[in-house]
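Please read the structure below before turning to the comments.
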Amino acid sequence: MVERSRVFDPERDGDPVINNLQRRTFRFFWDTTNKQNGLAPDRFPSPSFASTAAVGFALTAYVIGAERGFVSRSQARLRTLRTLRFLESMPQGPDETGMGGYKGFFYHFVHMHNGQRFGTSELSTVDTALLLGGVLLSQSYFDQDSRSEREIRELAEKIYSRVDWQWAQNRPPILSHGWRPESGFLRFDWRGYNEGMLMYILALGSPTHPIEPEAWTEWMRTYKDTYGKFSGQEFLSFGPHFGHQYSHVWIDFRGIMDAWNREKGYDYFENSRRASYAQREYARQNPMRWRGYDSEIWGLTACDGPADTVQIYNNEERGFFTYAARSTASIHILDDGTIAPTASVASIAFAPEIAIPAIRAFRARFGEHLYQKYGFLDSVNPSFTFTDVPLRHGRIVEGIGWIADDYLGIDQGPIVAMIENYRSGLIWSVMQNNPHIRRGLQRAGFTGGWLDKPAPSQPSS
């Protein structure tokens, strides 16, 4: 059993605001997932299909809940075991219907009750990777020598090992975005920089279908297109802030460097810290003069929005959107005045000095309209006050503006996880011991820091 000692830090563990937010966000996953099969809804409380990526975040939340005492270890173990048993048993095949995945990959969206493909959803390489982040965390966390925890480790190994990453290299050496049985591989491939970093590490670390290290070199080749100065920072950019967060949920990039990091002289953790500061500075400058933006209310990312419409704001036409990948970067800005708390809150591990004031400001300014049973609702747009426009989601609150009425699993997940990485480094420390993660990083050319230290012995399956 791997030892994990957590020293109580009054500043990080004793803050009631952060404690309350983490507990509420954990409860989102504990309460809304299907108790029998572990599938997590894409959104709630609106009726929803399941999101493969959200299941990965749910598995991660269970580990946090067990460690924090939100639930017992036995409760978390049982929920995890049911989830992994179901994932392992979901039918895989090339048929258009009745399948949960193919070649080890999972469909992006599946039905909540049976795990079968929802509509014409694509087989998603990156959403499979986000699921596997939670699967491998479960494998390394549940390390006791009991029948149920041995089964968790065995199931995690089966689920990960059957993913055929080489098949997904439709245009080698890079990985395809996905596949559909009706039309084959999607048009686009994963090139840096974005949330695909975790996916490549997992593909490189595979014990059964590993891709070659040249894939990482090709992934980095497009960095030059997005590296530069923006909002006072010099960094490798990706517009929606989730791209700077997702891979960091499970991998501790502090002090480890690949060839690009060594050339630039800083790691990917520092890159995400700079990206967080750039987001905050953009909001402070507020070039589009949206209502509510400042140094404490900031954060553009993929999230819900009020409506797909054009309205007059500040005496000029402005476009607004429903769900969209809102972004701020040197190469692309998509900003309709909609701010998502997950963008700033889940940056707490990178830059607590600017993320914690954002947590307090969101609660103070929007109160119970935004902060409810499961923490922050997905997003808010103080500039959208058009009461005559039909809304797809959310509501207009007098004196505040538009506020979402759903929580999104892929936005809730980084909040509960990155709060824990800020507080204790739990997920990072557990995943540092996973041999697949270590191998993937090493084959990508990462060296230094914790990666150069011997890994502790792993419990047998």
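The table below gives the values:
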{"item": "Unmet requirement for residue 406, which otherwise passes all of (1) touching a residue at least 60 places away in the same chain (Cβ under 8 Å); (2) touching a helix residue (DSSP H, G or I) at 6+ places or on another chain (Cβ under 8 Å)", "result": "(2)"}
{"item": "Helices (runs of 4 or more DSSP H) wholly inside region 217-286 containing at least 1 residues that are over 23 Å from residue 426 (Cα atoms)", "result": "259-264, 268-285"}
{"item": "Selection within region 100-113 - in contact (Cβ under 8 Å) with a residue 40 or more places away in the chain, in a loop (DSSP other than H, G, I, E, B) and surrounded by 15 or more Cβ atoms within 10 Å (Cβ to Cβ)", "result": "103, 104, 108, 111, 112"}
{"item": "Residue count, region 293-348 (criterion: of a type in the set (S, T, N, Q), in a strand (DSSP E or B) and over 21 Å from the mean Cα position of the chain (by Cα))", "result": "2"}
{"item": "Close pairs from region 213-240: first under 24 Å from residue 440 (Cβ atoms), partner among the basic types (Lys, Arg) and at pLDDT 95 or above, Cβ under 6 Å, at least 6 apart", "result": "213/443; 222/191; 235/274"}
{"item": "Positions within region 147-186 being more than 20 Å from residue 203 (Cβ to Cβ) and assigned to a loop (DSSP other than H, G, I, E, B), in sequence order", "result": "181, 182, 183"}
{"item": "Single residue of 361, 355, 444, 351 found to be farther than 27 Å from residue 50 by Cα, among the small types (Gly, Ala, Ser) and surrounded by fewer than 20 Cβ atoms within 10 Å (Cβ to Cβ)", "result": "361"}
{"item": "Residue, surrounded by the fewest Cβ atoms within 10 Å (Cβ to Cβ), within region 26-38, restricted to residues that are part of a loop (DSSP other than H, G, I, E, B) and touching a helix residue (DSSP H, G or I) at 6+ places or on another chain (Cβ under 6 Å)", "result": "37"}
{"item": "Residue satisfying condition, being over 28 Å from residue 117 (Cβ atoms), part of a loop (DSSP other than H, G, I, E, B) and either modelled with pLDDT under 95 or not hydroxyl-bearing (Ser, Thr, Tyr) (or both), within set 6, 12, 23, 77", "result": "6"}
{"item": "Every residue from region 95-107 that is under 16 Å from residue 183 (Cα atoms) and under 21 Å from the mean Cα position of the chain (by Cα)", "result": "101, 107"}
{"item": "Close pairs from region 422-435: first touching a residue at least 40 places away in the same chain (Cβ under 8 Å) and of a type in the set (Lys, Arg), partner surrounded by fewer than 21 Cβ atoms within 10 Å (Cβ to Cβ) and not in a helix (DSSP H, G or I), Cβ under 8 Å, at least 6 apart", "result": "423/9"}
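The values are calculated or read from the model by the stated rules, or taken from the named source; none is laboratory data. Since the model is a prediction, treat every value here as computed from it, not as a measurement. A quick note on method: Cβ atoms are made from the backbone with ideal geometry, for glycine too, and the neighbour counts reach across all protein chains shown.
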